[in-house]
Structure formats: structure tokens, C-alpha cells
Amino acid sequence: MLDKERILMIIISRIIPGLMYSNFDKRDEYVKSNTFEQSKLQHGDLVFASTSFYPNDFMVGFVDKIDSEKDCVVIREIGSKRLCNYSNESFSVINKEKIGYEILEGSQYETYQKVLKAFSKYTDYCTRFKSISFEGDICTIQSREMFSNDLSKEWSFKYNSKTSIKNIGSLITN
């Protein structure tokens, strides 16, 4: 499954039920409407175009920047580097926290999946995956003990698409 397909399926399976079954006053926890308020959008926001009639590749995407000179929002397509200038559009911001790590793309998502497999294969039963973060080409992972959310250990390493489960496993077992 491509990044775009996976992220769109996660939006459908987590965000829409959250909107359907939550109280009206809690809907902002899932989606915030920014009707023509482009100034409230930030780089990296996951948004959908609220007033577009016809589906297109950029209808759901990430805010790349707000271009005040051209009076538009530049949207990056999910799973690619393609950009599109959107003007005269209303956007709603999807809460990425409700999607979790499934929002990751490319080698970051691949590394996340490898980390989960490494935890499953190389750690004891009581050690659990806690979190993952990326800063440039550095990946930081944290573990916790079963039945606790407190940080147990933390590791940082350079990652790329060739980082293997075995490499991660040897790191977390030392």
C-alpha cells in the first residue's frame, strides 16, 4: 500500500468515526475548520480542501507554506514532493495526533515499521515500544516497561532506507 493510500485509509477509519460518534463540542479534537483563514495554517498541517468540488491529488495534503505574495496556500501531495498552489479555498486541519505514527511517510514510515519488528524480535516480553521521533537523518526511539508509560531507555541512530531490523535489534539489545 502506498503512503497516500494508507494515510487516506487511516483518516477514513479514525477521523470520520471520531466525528460521527463524538459530541458536537468535541469535534474540534479531530478536525478544525479554518474557513478562509489561511493565516492560521502552519507548515506541516494535514489539511483537506473544504470547498473543492472535484477530487484531485492535492485535496488532502500537507501545508508546505503560505505564499502571501501569490495569496495562496502551497499544498504538498501525500507521499510525494509534488506541490500545488491553492487560492480561494477553505481548509480544515486534521488532528495528526489522532492518526499517530501512521502519518509518517517514506523511509520514516519504513524505519518505524522496522523498529516495531525489532522490538518484537529482539526485546524481552516486558520491554515495549514507547515512541519514535525523527530530526533530520537521526531517529530516536524510546522503550517502556510493560504496564508503565514511563521512559525505560532511549536510543538514537542515523537512519535511511537501508537501515535493517537487525541493525536496530543490535542497538536496542545493548
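The values are calculated or read from the model by the stated rules, or taken from the named source; none is laboratory data. These figures come from a predicted structure and were not determined experimentally. Heads up, the Cβs are rebuilt from the backbone with ideal geometry, glycines too, and the neighbour counts pull from every protein chain shown.
The residue of region 161-172 that is farthest from residue 121 (Cα to Cα), among those that are of a type in the set (S, T, N, Q) and at pLDDT 95 or above, is 163.
Residues that are touching a helix residue (DSSP H, G or I) at 6+ places or on another chain (Cβ under 7 Å) and touching a residue at least 24 places away in the same chain (Cβ under 8 Å) occur in region 31-38; there is at least one.
Looking only at region 118-132, which residues are out of contact with any Phe, Trp or Tyr (no Cβ under 8 Å at 6 or more places or on another chain) and closer than 11 Å to residue 142 by Cβ? The answer is 130, 131. On the stretch given as region 118-165, residues that are part of a strand (DSSP E or B) and over 23 Å from the mean Cα position of the chain (by Cα) total 4. Among the residues of region 9-50, the ones that are part of a helix (DSSP H, G or I), loosely packed, with under 11 Cβ neighbours inside 10 Å and not aromatic (Phe, Trp, Tyr) come to 4 in all.
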